[in-house]
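Structure below; questions to follow.
The values are calculated or read from the model by the stated rules, or taken from the named source; none is laboratory data. What you see is a predicted model, and the numbers here were worked out from it, not measured in a lab. As a convention, Cβ positions derive from the backbone with ideal geometry for all residues, glycine included, and neighbour counts pool all protein chains shown.
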Amino acid sequence: MFITLLKSKLHRVKVTQAELNYVGSITIDEDLMDAANLRENEQVHIVNNNNGERLITYVIKGERGSGIICLNGAAARKAQVGDIVIIIAYTMMTDEEARTYKPTVVFPDENNRLVNG
């Protein structure tokens, strides 16, 4: 039997763009992807702290060091530039694996940059 647990989380990043006329997804700065152990095309859940919207989409690699968090396609209707969102990825594992598993949680600064320390 498998259970679903938190794999990765980018906590409280700021939406920098919303592009309605795009195929769909969320573009994330590659530095943030690496820090949060996210992969291109990986499914993620987006939670908007400003309006309560929740959606599921997939990751597109954004320019490294840019701080970009861009909701694309229909997802662009779920947030405005400046909104604070949480980006969450889940994984499945056995109960035995889950007993020692630790998720990756990243707390970027207000400009979507990694904080040293």
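Quick one: in segment 80-115, of everything that is in contact (Cβ under 8 Å) with a residue 60 or more places away in the chain and in contact with an Asp or Glu (Cβ under 7 Å, 6 or more places away or on another chain), which residue is farthest from GLU53 (Cα to Cα)?
LEU114
Here is a further query. Taking the condition of being part of a loop (DSSP other than H, G, I, E, B), of a type in the set (Ser, Thr, Tyr) and either exposed (fewer than 12 other Cβ atoms within 10 Å of the Cβ) or touching a Phe, Trp or Tyr at 6+ places or on another chain (Cβ under 8 Å) (or both), how many residues in segment 82-111 meet it?
The number of residues fulfilling the criteria is 1.
Taking the criterion of being basic (Lys, Arg), part of a loop (DSSP other than H, G, I, E, B), farther than 18 Å from GLU110 by Cα and at pLDDT 95 or above, would at least one residue in segment 42-57 satisfy it? Reasoning before the result, please.
From segment 42-57, those basic (Lys, Arg) are 54; that's our starting set.
Adding the requirement that they be part of a loop (DSSP other than H, G, I, E, B) leaves none.
No.
So how many residues does segment 20-31 have that are surrounded by 15 or more Cβ atoms within 10 Å (Cβ to Cβ) and either free of Cβ contacts under 8 Å to residues at least 60 places away in the same chain or closer than 19 Å to LYS78 by Cβ (or both)?
Initial filter on segment 20-31 (surrounded by 15 or more Cβ atoms within 10 Å (Cβ to Cβ)): 22, 25-31.
Those still in the list that are either free of Cβ contacts under 8 Å to residues at least 60 places away in the same chain or closer than 19 Å to LYS78 by Cβ (or both) too: 22, 25-28, 30.
Within segment 20-31, residues that are surrounded by 15 or more Cβ atoms within 10 Å (Cβ to Cβ) and either free of Cβ contacts under 8 Å to residues at least 60 places away in the same chain or closer than 19 Å to LYS78 by Cβ (or both) number 6.
If you don't mind, there's one more thing I want to ask. Could you run through segment 49-81 and say how many residues are of a type outside the set (Lys, Arg) and surrounded by fewer than 19 Cβ atoms within 10 Å (Cβ to Cβ)? Before the answer, list the steps.
Taking segment 49-81 as the starting set, the residues that turn out to be of a type outside the set (Lys, Arg) are 49-53, 55-60, 62-63, 65-76, 79-81.
From what's left, surrounded by fewer than 19 Cβ atoms within 10 Å (Cβ to Cβ): 49-53, 55-56, 58, 60, 63, 65-66, 73-74, 80-81.
Number satisfying all stated conditions: 16.
So, one more: Evaluate the following for LEU114: is it touching a helix residue (DSSP H, G or I) at 6+ places or on another chain (Cβ under 9 Å), surrounded by 13 or more Cβ atoms within 10 Å (Cβ to Cβ) and at pLDDT 95 or above?
So LEU114 passes the test.
Given the condition free of Cβ contacts under 8 Å to residues at least 40 places away in the same chain and either among the β-branched types (Val, Ile, Thr) or in a helix (DSSP H, G or I) (or both), answer yes or no: does some residue in segment 58-74 qualify?
Yes, because at least one residue in segment 58-74 is free of Cβ contacts under 8 Å to residues at least 40 places away in the same chain and either among the β-branched types (Val, Ile, Thr) or in a helix (DSSP H, G or I) (or both).
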